[in-house]
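Since every read-out is calculated from the coordinates, none of them should be taken as a lab result. The model shown is predicted, which means the values in this text are computed figures rather than measured ones. We place every Cβ from the backbone using ideal geometry, glycine too, and count neighbours over all the protein chains shown.
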């Protein structure tokens with residue numbers, strides 16, 4: 001569902017959804033990117049080498065700017081593919097661009113480089129539409145980064161470019177007005193273009209990663225727009241991006257210890273270490289951690305009597321150690337998973353899912369509603385119920401709602 005959820009969220013995002021803080025951050029990020037791209041082109045050889053190599057040999061009609069180039073149209077413009085590549089390289093060549101500290105992704109480079117190239121080639125594009133597409137792309141790459149960091153980075157990937165191609169695909173898809181399914185295809189095409197390893201840090205190739213991610217993500221969106229197909233589960237499938245781009249040698253079956261550092265209030269509420277029923281399981285952080293690892297979700301199904309008594313779940317609960325820390329907010333947690341080979345994965349949950357600061361997306365809330373309601377009345381009626389209850393504000397007579405599904 002990850003690919004669908006991302007595409008659905010991005011498709012439904014509007015400028016009106018963006019808070020003042022988000023708009024301010026996006027604007028700062030964009031003009032910071034522009035400064036890096038213009039300045040980086042002039043004072044480092046890599047962007048100019050790349051332009052000289054690609055412009056005349058591969059470029060089509062000059063539709064899009066090379067922002068740092070000065071001179072004739074023939075030297076300052078290229079087709080969108082080449083422009084995205086060169087501006088991406090220039091924006092990152094000095095390692096002076098913006099950084100998302102929780103993942104150390106440089107988010108603006110791949111997304112902005114692709115969006116500006118497409119905006120000039122396919123314009124006109126309003127500022128509101130551009131900013132909305134930029135936010136969608138940056139949010140996509142940072143959320144992907146959070147889902148795989150630090151293990152993805154620790155095994156040697158350049159996380160800016162491996163997530164950046166997907167962020168660029170989401171951003172360009174949004175700008176082009178693609179529907180959810182078409183955007184899923186774009187995400188899949190981008191996901192298969194995994195680019196960037198840390199071996200190349202300290203060389204021109206590091207900045208090439210960002211340019212190539214911008215170029216690849218843009219191409220993915222354009223291919224999907226024209227009917228090119230991909231896996232609709234390109235992120236979450238067994239051999240999809242999320243699994244292949246992380247350390248596949250690790251298995252939940254080889255977990256040795258699970259360490260949780262939480263606020264003391266968490267144990268007051270959910271401190272049952274050995275629950276015996278599904279109801280008791282709902283008040284056990286030990287059970288919640290165990291099913292999260294084993295099932296990768298924690299719905300009512302995972303808090304049934306059957307699951308609570310499952311021997312695999314019981315064994316995993318016994319591996320969970322909880323430490324109290326007054327300094328940890330009540331909606332936060334620090335998680336460490338140690339494997340039998342000595343590998344340790346660490347995750348800081350800044351705000352629990354469903355909190356004010358980290359609310360469920362519309363797609364996630366829809367999934368929750370549909371899964372729960374379908375268990376009772378079937379998927380067809382559940383869909384009708386979803387439409388009825390989400391449209392309640394437009395009903396002439398709410399007393400008739402039961403009859404709508």
Exercise for review: Report, in degrees rounded to the nearest 10, the 0 to 90 angle that the Cα long axis of helix 180-191 makes with the longest principal axis of the chain.
Suggested key: 70
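So for 261, 317, fewest C-beta neighbours within 10 Å to most, what's the order? Please list the in-between numbers first.
Working: 261 18, 317 24.
Sorted ascending by nearby Cβ count, the order is 261, 317.
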Exercise for review: Determine, at each q value in 0.09 (inverse angstroms), the log₁₀ of I(q)/I(0) that the Debye formula gives when each Cα of the range 1-139 is one equal point scatterer.
Suggested key: -0.28
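Classify the range 1-73: rounded, prolate or oblate, from the alpha-carbon gyration tensor (a ≥ b ≥ c, eigenvalue square roots; a/c under 1.5 rounded; otherwise prolate if a/b is larger than b/c)?
prolate
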Exercise for review: Rounded to the nearest 10 degrees, what's the angle between the helix 2-12 long axis and the longest principal axis of the chain, both from Cα atoms, 0 to 90?
Suggested key: 60
Check your understanding: Once both axes come from the Cα atoms, what is the angle between helix 80-92 and the longest principal axis of the chain, in degrees from 0 to 90, rounded to 10?
Key -> 80
Practice item. For the range 252-349, just say rounded, prolate or oblate: build the C-alpha gyration tensor, square-root its eigenvalues into a ≥ b ≥ c, call rounded for a/c under 1.5, and beyond that prolate if a/b exceeds b/c, oblate if not. Key: oblate
Check your understanding: Direction-averaged shadow area of the convex hull around the Cα atoms of the range 314-405, nm²?
Key -> 10.1
Study note, to complete from the structure: Using alpha carbon positions and the Kirkwood radius, the Rg to Rh ratio of the chain is 1.02
Exercise for review: Would you order 183, 197 from fewest to most other beta-carbon atoms within 10 Å of each residue's own beta-carbon?
Suggested key: 197, 183
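Contact order normalised by length for the chain, with contacts defined as Cα pairs under 8 Å and 6 or more residues apart; what percent is it?
Contact order relative to length: 14 percent.
Take every Cα pair under 8 Å in the range 257-377 that's 6+ residues apart, average their separations, divide by the length, and report that relative contact order as a whole percent.
29
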Exercise for review: Using a Förster distance of 45 angstrom, determine the FRET efficiency expected from the C-beta separation of residue 376 and residue 228, and round it to 0.05.
Suggested key: 0.70
Review point. If we count other beta carbons within 10 Å of each Cβ, what is the order of 104, 187, 86, fewest first?
Key: 104, 86, 187
Check your understanding: Based on the alpha-carbon gyration tensor of the range 362-404 and its eigenvalue square roots a ≥ b ≥ c, which shape applies: rounded if a/c is under 1.5, prolate if not and a/b is larger than b/c, or oblate?
Key -> oblate
Point to revise | Over the chain: helical MRE at 222 nm, DSSP H runs n ≥ 4 each giving -39500 (n - 2.57), nearest 500 | key: -17500 deg cm²/dmol
